Amino acid sequence: MLKDIQAWFEKRVPGEWFTASAEVSGDADEIVVIGRLPEPEPAKTDAQSARIAAIKHFREETRERRIAIAAEAETRFRRHVAWGAECGDVRMIFTSNSVPVMTRLRLPERIVLDTLIESGVARTRSDALAWCARLVGQHEADWLRDLREALVGVQKVRAAGPQPRREDT
């Protein structure tokens, strides 16, 4: 499904916006589209400031068209669309969704979250859980990538397998 969404965006995103095809990722709630911008010309300011300025300029200049594309995508795919841009080593995502997720935790897990709150790492259990998820994502990126690739294989095998028959009633 994500490949279909990627292809859909490739047809609609103007070619002059980015230096390569936009990176499209997402889940059941949100689609995130991030494009790479060209490096800005050397300026009197430092490179980091110039990159941030280039991203902010892109955001303002393309706002109307991005909103129109996002509205069409949200209707078609029934998911929120967030945009972002990269320039050099600077990555900014605009208006990303924050989706509530309910979980049940036993005492040892709640103690971990409460310790993060008491130490000032997080303000709430929700913030602490998000912090933990980001930490795992950073440190286990290769493993998570391999797991996602394996799931794609499972989906292909399921799709190629026998289809259930409907009984005539």
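The values are calculated or read from the model by the stated rules, or taken from the named source; none is laboratory data. All figures in this text were calculated on a predicted structure; none of them were measured in a lab. All Cβ positions, even for glycine, are placed from backbone atoms using ideal geometry, and neighbour counts span all protein chains on display.
Considering segment 27-45, and only residues there that are in a loop (DSSP other than H, G, I, E, B) and surrounded by 18 or more Cβ atoms within 10 Å (Cβ to Cβ), the residue that is modelled with the lowest pLDDT turns out to be P40.
Counting only helices (runs of 4 or more DSSP H) that sit completely within segment 69-169, those holding 1 or more residues that are within 18 Å of G26 (Cα to Cα) and not β-branched (V, I, T) correspond to 125-139, 141-160.
Would a scan of segment 50-73 turn up a residue that is modelled with pLDDT under 95 and in contact with a Lys or Arg (Cβ under 7 Å, 6 or more places away or on another chain)? Taking every residue of segment 50-73 in turn, none turns out to be modelled with pLDDT under 95 and in contact with a Lys or Arg (Cβ under 7 Å, 6 or more places away or on another chain). With respect to the stated conditions, L151 fails to be in contact with a Gly (Cβ under 8 Å, 6 or more places away or on another chain) and either surrounded by fewer than 14 Cβ atoms within 10 Å (Cβ to Cβ) or in contact (Cβ under 8 Å) with a residue 60 or more places away in the chain (or both).
Taken as a whole, the structure leaves E60 outside the set of residues that are assigned to a loop (DSSP other than H, G, I, E, B), acidic (D, E) and not assigned by TED's automatic domain parsing to the domain that holds R145. A73 meets the conditions (1) over 30 Å from L151 (Cβ atoms); (2) touching a residue at least 60 places away in the same chain (Cβ under 8 Å) in every case but one. The failed one is (1). One residue alone among D127, D89 is at negative phi, exposed (fewer than 12 other Cβ atoms within 10 Å of the Cβ) and within 23 Å of the chain's Cα centre (by Cα), and that residue is D89. In this structure, is L116 assigned by TED's automatic domain parsing to the domain that holds A128, under 24 Å from L135 (Cβ atoms), surrounded by 13 or more Cβ atoms within 10 Å (Cβ to Cβ) and free of Cβ contacts under 8 Å to residues at least 60 places away in the same chain? Considered against the rule, which asks whether it is assigned by TED's automatic domain parsing to the domain that holds A128, under 24 Å from L135 (Cβ atoms), surrounded by 13 or more Cβ atoms within 10 Å (Cβ to Cβ) and free of Cβ contacts under 8 Å to residues at least 60 places away in the same chain, L116 comes out as yes. The set of residues in segment 1-26 that are among the acidic types (D, E) and part of a strand (DSSP E or B) contains only E23.
With respect to the stated conditions, I55 is on the phi < 0 side of the Ramachandran plot and touching a Cys at 6+ places or on another chain (Cβ under 6 Å). Considering the conditions (1) surrounded by 13 or more Cβ atoms within 10 Å (Cβ to Cβ); (2) in contact (Cβ under 8 Å) with a residue 40 or more places away in the chain, F94 is excluded by exactly one of them, (2).
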